[in-house]
Structures are given as C-alpha cells and as structure tokens.
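> Pasting a structure below so you can have a look.
What follows draws every value from the coordinates through simple rules; no lab data is involved. Since the structure is predicted, the reported quantities are computational estimates derived from the model, not experimental observations. No Cβ is skipped: glycine too gets one built from the backbone with ideal geometry, and neighbour counts run over all protein chains shown.
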Amino acid sequence: MPLVILLKGAYLIVEKLASHDGVSLDAVSVQNARQILDLAQSDTQVAIIDEVQFFDRSITDICNVLADAGKRVIVAGLDTDFRGEPFGPVPLLMAEAEVVDKLQAICVVCGASATRTQRLIDGQPASYDDPVIMVGASEVYEARCRRCHEVPGRPERLGT
C-alpha cells in the first residue's frame, strides 16, 4: 500500500515508512492518489510519496498540482516491474519531473550494478505470465543486473 509523508507544522501520524535498514518516518497510508490532495493542506511544504508504481496515472496530475502550488514533491518507486517492463505511472512521472535520480542496487548473482527486480517463486524466476503485482520482500524479490535477470516465457524482442 502506498505511503505518503506530508511535512508541515504538525504530522498526521498514522503509520511509519521504514527502510530495510530500520530508518523510519511517520507516514499516512492512502488508498488512491486523490487522498493525497485531501491530506496536503496549505501548510504542507513537502510531499513524499513511496511505492508510487502502485498508483494509477492520476498520480502524475496530483504531483503536478502539488508542485504548481509551490510544494516540493518527492516520489520513490520502481520504474520497471519484475518482467523488466515499464511499471505503472513511473515512466510518465520521470518524463515530467525536473530531477530524476535513478538508483541502482547490487546484483545478488554477480555483484554488478542491478537495475532489475527478480521475482522468485519457490526459489525459481517467476514466469512472464505471473501477475505483475505480488506483495513481498527479500523472500520473493532480489536485485539483478540485466545479464542475470531471468523471465521465463518473455516474448522475443526484435533482433533476438
């Protein structure tokens, strides 16, 4: 479920946004992008939206409304799904953003820079036909480089 942090005079504390290494911030859980506008009051200075890939394309409009109102908008999310394909609204957000930082992990197989998310089912790579969204953490997903990323059943690409 996506989480939103609104930095202002007083936090609306509902939940915590936590990294895998235990760093956390107070956050508000939302069900849809429209709720972010409802939560962002006039004294909101910064809106931080995590797991943005799970929103629909309306999140782009919401981010633009907030930015046009002078608020700083920071979003985090995966730009590709487990198949290595564009994920949700993230490509559009990246295109419209003033600044994009594309971070990389370390491939668990070879140690190279990882830009892909490998989904595992019973220790084996998930099939291309598996559902795009499946909630899980390190027991289901691991960082992989392009070379080590596997998607059985992926349609052939041009030139292959």
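> Could you tell me the calculated FRET efficiency between ASP56 and VAL99, based on Cβ-Cβ distance and R0 = 35 angstrom, to the nearest 0.05?
Efficiency, from the Cβ-Cβ distance: 0.90.
> For a footprinting-style exposure proxy, rank VAL23, VAL151 by other Cβ within 10 Å, fewest first.
With the fewest neighbours first, VAL23, VAL151 line up as VAL23, VAL151.
> While we're on this one: Quick one: what are the phi-derived ³J(HN,Hα) couplings along segment 115-131, Karplus 6.51/-1.76/1.60 with θ = phi - 60°, whole Hz, x for glycine and proline?
Residue by residue, segment 115-131 yields 10, 10, 10, 8, 8, 10, 10, 6, x, 10, x, 5, 6, 3, 7, 5, x Hz.
> Here is a follow-up. Taking the Cα centre of segment 29-120 as origin and charging only Cβ (+1 Lys, Arg; -1 Asp, Glu), how large is the dipole, in debye to the nearest 20?
Using only the charged Cβ atoms, the result is roughly 280 debye.
> With a 10 Å Cβ neighbour count serving as the proxy for reagent exposure, in which order, fewest first, do CYS145, CYS110 appear?
Ranking CYS145, CYS110 by Cβ neighbours within 10 Å, fewest first, gives CYS110, CYS145.
> For the pair ASP129 and GLU156, what calculated FRET efficiency results from E = 1/(1 + (r/R0)^6), where r is the Cβ-Cβ distance and R0 = 22 Å, to the nearest 0.05?
Calculated transfer efficiency: 0.90.
> Still on this model: Please turn the phi angles of segment 29-36 into ³J(HN,Hα) values with the Karplus equation 6.51 cos²θ - 1.76 cosθ + 1.60 (θ = phi - 60°), one per residue in order, whole Hz, x for glycine and proline.
With the stated coefficients, segment 29-36 comes to 8, 10, 9, 8, 5, 4, 4, 5 Hz.
> Under the rule of at least 5 residues apart or a separate chain, name every residue whose amide H is placed under 5 Å from the amide H of VAL75.
Amide H to amide H, under 5 Å and 5 or more residues apart or across chains, VAL75 pairs with ILE49.
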